[in-house]
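Everything below concerns the one structure shown next.
The values are calculated or read from the model by the stated rules, or taken from the named source; none is laboratory data. Note that this is a predicted model, so its numbers are computed, not measured. With ideal geometry, Cβ positions are generated from the backbone for all residues, glycine too; neighbour counts draw on all protein chains shown.
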Ligand code: MYA
């Protein structure tokens, strides 16, 4: 059966995954939880290895280095430092910032932003020597959570500024660029924005049209182009701008490739459109930004010329935990309001909380919040620990949090009944604010496909290696791989590393991981290169991956709490319920991914193409038949 792999198809399938993160050689991890080293075979090029839990999931392997024990690690100094930032921030949010007013006026006043800046909120992760607060990602997540619970619009001003606006300078800037820009940005004396999206380029970020051409003297790039929906775009002073640059290839041809630049409004030629009228996050400014013959010094190039797409992706990956953190805060706000409501409101002679359906809904909200929070701090802590391969985990965090926050807020409104629909209740604003979180910083549909395809390509690369090993008659490696395919979850039984009271759940999740691996295997064997176009299956694979990662985060966190405090009955129940629900969802998604018939997909496609062909819905109205 293995011989049915067509070498060229697999090569093509795998050619998209050349990510340096994957190719990094890895420090030798603990034997019980590390990827097994395949036997040495000089003639076979090794497939990339990674300790990313989600990536390895696609090979049906439970690699636990980044997920067990729960990686949260804040020492006493860091906890104290965090409290010193959180206390005044909470006071500011309660007493100074007014989310209702910001929403009504579609603006956050300069004075409010100035007071927020004085708390260090705009330079949270900038080192102290550059006038920042020197927080790590875990501390930053906690701060974003508190801001998100109060005002997502303010969170977007903050996030657009530091999570992506000037993050490129922090990650890729030279020491001179850091010294030149970061002190003003970290203190809020200046504001930053991230300029990637264009009228013809949204999710397809590589297709931007803006141009950056070197001046004849080689000292500047001249940038022309226009960007849309830029958060902070109306008032930012410093922009991270992506534009196509002509790159000479070794064969003498020239090809456009994206490069990244730090651009100051003060360079001249930078103008902004009026504030966009939006559904939510109205307090944050969103505007078009135009670049007309803007002269940018060559020193302001971020990363290498032509490597700007990777710069953009790395900035987005790095900042992506801000969204789930802010969503966690918003969920907490919605849940607390709902608890207050259902414990006081009487209908049909009973307090609302006494009804089974109300209990089910509130419990569901709590469970979703717990799972989201577990992912946020797993991700942020791993980033603090120096993990580099977190692109899939970050995408999952963003998708899981924004979808669940939307659901939780919607249910909070439902449980408030008519009151929830009224402005003064405060929930309708949160719902409007939350809607964009499923779209910006990578639309959730695209992020799902990104997770599924990147994972499938990683697994495919290993299959390609296997095929080469077969060709080179490396029988011991072959034997090892065959064993891996028969017992896919060879990494570890998660039950073994958990607190004893969670053991059975861990073992169940391990089985789901094995089922996940064999599903991916079946899909790769069936569709080969064509997997790229099997979006019905890919979306379901992504959904299963998301649920598995969430289950592991939940169990790991609950185990951490149990080990630390000895007793956590409430958390245990939450973890148990989440694992039950998420396991069932994951298994159903996997079942659908392999069992869907071509006739079913053809039916979906036919209905859609009939409609698109007519550019309108074409069923007859019952009144007219
Ligand atoms: S900003 C705009 C946001 N825009 C996006 O996020 C764009 C989404 N699109 C994409 O991510 C990419 O275009 C996709 C791939 C994923 C669709 N990490 O051929 P490819 C590598 C690392 O697959 P494409 C906004 O919304 C890949 O391996 N590497 O590319 C502001 C390959 O490498 P190689 C990656 O099909 C909102 C190469 O790139 C990644 O074109 C304001 C090409 O890959 C990745 N992720 O597209 C928010 N993806 O060449 C405010 C691809 O080596 C913040 N690659 O094989 C709010 C915060 C809230 C509060 C916070 C409080 C602080």
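A few comments on the model shown:
- Some residue of the stretch 301-322 being touching a strand residue (DSSP E or B) at 6+ places or on another chain (Cβ under 8 Å) and away from the ligand (no atom under 16 Å from the Cβ): yes
- Residue in the stretch 185-198 that is assigned to a helix (DSSP H, G or I) and either at positive phi or more than 10 Å from the ligand (Cβ to nearest atom) (or both) present: yes
- Test: residue in the stretch 418-432 that is within 12 Å of the ligand (Cβ to nearest atom), touching a residue at least 24 places away in the same chain (Cβ under 8 Å) and either in a helix (DSSP H, G or I) or closer than 24 Å to residue 373 by Cβ (or both): no
- Sole exception among (1) touching a residue at least 12 places away in the same chain (Cβ under 8 Å); (2) more than 9 Å from the ligand (Cβ to nearest atom) for residue 326, by number: (2)
- Qualifying residues in the stretch 436-448 (those that are out of contact with any helix residue (DSSP H, G or I) (no Cβ under 7 Å at 6 or more places or on another chain) and assigned to a helix (DSSP H, G or I)) - the one farthest from the ligand (Cβ to nearest atom): 445
- Condition check for residue 240: within 23 Å of residue 306 (Cα to Cα), surrounded by 21 or more Cβ atoms within 10 Å (Cβ to Cβ) and either at pLDDT below 95 or in contact with a strand residue (DSSP E or B) (Cβ under 6 Å, 6 or more places away or on another chain) (or both): yes
- Residue list for the stretch 156-183, filter: in contact (Cβ under 8 Å) with a residue 12 or more places away in the chain, assigned to a helix (DSSP H, G or I) and away from the ligand (no atom under 13 Å from the Cβ): 169, 170, 172, 176, 177, 178, 179, 181, 182, 183
- Looking across the stretch 234-276, just one residue is in contact (Cβ under 8 Å) with a residue 60 or more places away in the chain and out of contact with any helix residue (DSSP H, G or I) (no Cβ under 9 Å at 6 or more places or on another chain), and that is 275.
- Within the stretch 334-342, not a single residue is assigned to a helix (DSSP H, G or I) and within 16 Å of the ligand (Cβ to nearest atom).
- Filtered residues of the stretch 211-236 (kept if surrounded by fewer than 21 Cβ atoms within 10 Å (Cβ to Cβ) and part of a loop (DSSP other than H, G, I, E, B)): 215, 216, 217, 218, 219, 234, 235
- Any hit, the stretch 449-466, residues being within 11 Å of the ligand (Cβ to nearest atom) and either outside any helix (DSSP H, G or I) or under 11 Å from the mean Cα position of the chain (by Cα) (or both): yes
- Selected residue [assigned by TED's automatic domain parsing to the domain that holds residue 518 and either under 30 Å from residue 527 (Cβ atoms) or part of a loop (DSSP other than H, G, I, E, B) (or both)] from 556, 605, 583: 583
- Only one of 231, 226 that is within 25 Å of residue 443 (Cα to Cα) and out of contact with any helix residue (DSSP H, G or I) (no Cβ under 8 Å at 6 or more places or on another chain): 226
- Scanning the stretch 442-473 for residues that are at pLDDT below 75 and over 19 Å from residue 49 (Cα atoms) returns 470, 471, 472, 473.
- For residue 67, the conditions (1) at pLDDT 95 or above; (2) under 23 Å from residue 528 (Cβ atoms); (3) not in a helix (DSSP H, G or I) are fulfilled apart from (2).
- Evaluation of residue 379 against the conditions (1) away from the ligand (no atom under 13 Å from the Cβ); (2) out of contact with any helix residue (DSSP H, G or I) (no Cβ under 6 Å at 6 or more places or on another chain) shows that the sole unmet condition is (2).
- Test: residue in the stretch 247-256 that is at pLDDT 95 or above, surrounded by fewer than 23 Cβ atoms within 10 Å (Cβ to Cβ) and either at positive phi or under 26 Å from the mean Cα position of the chain (by Cα) (or both): no
For every residue, the table says whether it meets (1) farther than 25 Å from residue 112 by Cα; (2) modelled with pLDDT of 95 or more; (3) not assigned by TED's automatic domain parsing to the domain that holds residue 393.
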{"site": "278", "(1), (2), (3)": "no, yes, yes"}
{"site": "284", "(1), (2), (3)": "no, yes, yes"}
{"site": "289", "(1), (2), (3)": "no, yes, yes"}
{"site": "297", "(1), (2), (3)": "yes, yes, yes"}
{"site": "301", "(1), (2), (3)": "yes, yes, yes"}
{"site": "333", "(1), (2), (3)": "no, yes, no"}
{"site": "345", "(1), (2), (3)": "yes, yes, no"}
{"site": "348", "(1), (2), (3)": "yes, yes, no"}
{"site": "351", "(1), (2), (3)": "yes, yes, no"}
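- Within the set 372, 338, 344, the sole residue that is out of contact with any helix residue (DSSP H, G or I) (no Cβ under 6 Å at 6 or more places or on another chain) and either surrounded by fewer than 16 Cβ atoms within 10 Å (Cβ to Cβ) or within 25 Å of residue 420 (Cα to Cα) (or both) turns out to be 344.
- Considering the conditions (1) modelled with pLDDT of 85 or more; (2) closer than 29 Å to residue 313 by Cα; (3) in a helix (DSSP H, G or I), residue 509 is excluded by exactly one of them, (2).
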